[in-house]
Amino acid sequence: MRFGIDLGGTKIEVAALASSGEIVLRERTPTPRGDYEAIVAVIRDLVAGAESKLGTRGTVGVAIPGTISPKSGLVKNANSTKLIGHPLDKDLSAALGRTVRLANDANCFALSEASDGAAAGKPVVFGIIAGTGVGGGIAVNGQIIIGAHAIAGEWGHNPLPGARADEIPGPQCYCGKHGCIEAWCSGPFFEAQFETATGRKLSAREIAAAAETGDVQAKAVMERWLDRFARSIATLVNILDPDAIVFGGGLSNIDALYRELPARVEHYAFMPEGQTLIVRNRHGDSSGVRGAAWLWREGDPEGLPK
């Protein structure tokens, strides 16, 4: 049995994944606020409870909103700041009596969709999580790519490609730089742009719906947003040339992304032989916990309880 944990800022979820890929048990509990030791204890208890109910033990993988630094072995770049500076993988391994694997939640999303999701069977998959931010993860032949600095896939903090005069220096990103892809293409900025242009306050999905029904102002803001996304994705195609790009996050429910982006990306990319496959995720909110479970192959003795 594979157990996956999705460690989020508001909830911690455990799922037990059968060899068929079916989730046979799923439970969640609120994330303890500001208490690292309590987070470790909750994960320990969730796994123990799941194993007790199922009458079997297994490997454990964890999706986290950050990553483990290859240099220090401590959590870095986590928006759940209480995790930063702790050896979470080692602490969980000690608490659970087995080796526990951790990965960034965007990497787990990409792995889930590459394993048995919208990009199943595709050798090279880039997963985009677009919502309050713009993150990414890479899976190649069923394995996530972490990188020398554990930041592979963090395309959201590249500068917006082909920035035009009115896009320089660009909005400030939370990382401290200006003009990042995340700052331009995230849901909050999309909504803020629309409000600035129109004086109306709508959600991203409402803006997209208004554009579909012929709202001239919504169509104009949508056009600029899609163009920026297309320029950004074209750089991924030039560097990685993925077999599939899978969208997740709140913005993934906007149908125009799949209708409009392939041709626009082809226009900006370096002479691709046809349009890049850009698809909606299959597993939705389950992709993080499923990808965490897929960090282990079935029966891998290294991850089994001692």
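The values are calculated or read from the model by the stated rules, or taken from the named source; none is laboratory data. In this text, all values refer to a predicted model and were calculated from it rather than measured experimentally. As a convention, Cβ positions derive from the backbone with ideal geometry for all residues, glycine included, and neighbour counts pool all protein chains shown.
For the residues Leu261, Leu257, Leu295, Leu277, the requirement of being outside the structural domain of Phe189 (by TED's automatic domain parsing) and either in contact (Cβ under 8 Å) with a residue 24 or more places away in the chain or over 19 Å from the mean Cα position of the chain (by Cα) (or both) singles out Leu295. Of Asp45, Asp91, all but one fail to be without any contact (Cβ under 8 Å) to a residue 24 or more places away in the chain, assigned to a helix (DSSP H, G or I), over 20 Å from the mean Cα position of the chain (by Cα) and not assigned by TED's automatic domain parsing to the domain that holds Ile145; the exception is Asp45.
So that you can scan it fast, the table gives a plain yes or no per residue for (1) without any contact (Cβ under 8 Å) to a residue 60 or more places away in the chain; (2) assigned to a helix (DSSP H, G or I); (3) hydrophobic (A, V, I, L, M, F, W, C); (4) in the same structural domain as Gly136 (by TED's automatic domain parsing):
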| residue | (1), (2), (3), (4) |
| --- | --- |
| Trp184 | yes, yes, yes, yes |
| Pro188 | yes, yes, no, yes |
| Ala192 | yes, yes, yes, yes |
| Thr196 | yes, yes, no, yes |
| Leu202 | yes, no, yes, yes |
| Ile207 | yes, yes, yes, yes |
| Val221 | yes, yes, yes, yes |
| Ser232 | no, yes, no, yes |
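A quick yes/no check of all residues on (1) over 20 Å from Val265 (Cβ atoms); (2) surrounded by 18 or more Cβ atoms within 10 Å (Cβ to Cβ):
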residue: Cys185; (1), (2): no, yes
residue: Pro188; (1), (2): yes, no
residue: Glu195; (1), (2): yes, no
residue: Glu206; (1), (2): yes, no
residue: Glu223; (1), (2): no, no
residue: Arg228; (1), (2): no, yes
residue: Ile233; (1), (2): no, yes
residue: Asn238; (1), (2): no, no
residue: Asp243; (1), (2): no, no
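For the stretch 162-173, does any single residue satisfy the condition of being modelled with pLDDT under 95 and β-branched (Val, Ile, Thr)? No, the stretch 162-173 has no match at all.
Among the residues of the stretch 141-167, which ones are under 13 Å from Arg228 (Cα atoms) and not in a helix (DSSP H, G or I)?
Matches in the stretch 141-167: Asn158, Pro159, Leu160, Pro161, Gly162, Ala163, Arg164.
Ala148 - would you say it is among the small types (Gly, Ala, Ser), out of contact with any strand residue (DSSP E or B) (no Cβ under 9 Å at 6 or more places or on another chain) and under 30 Å from Gln217 (Cβ atoms)? No; evaluated as a whole, the condition is false for this residue.
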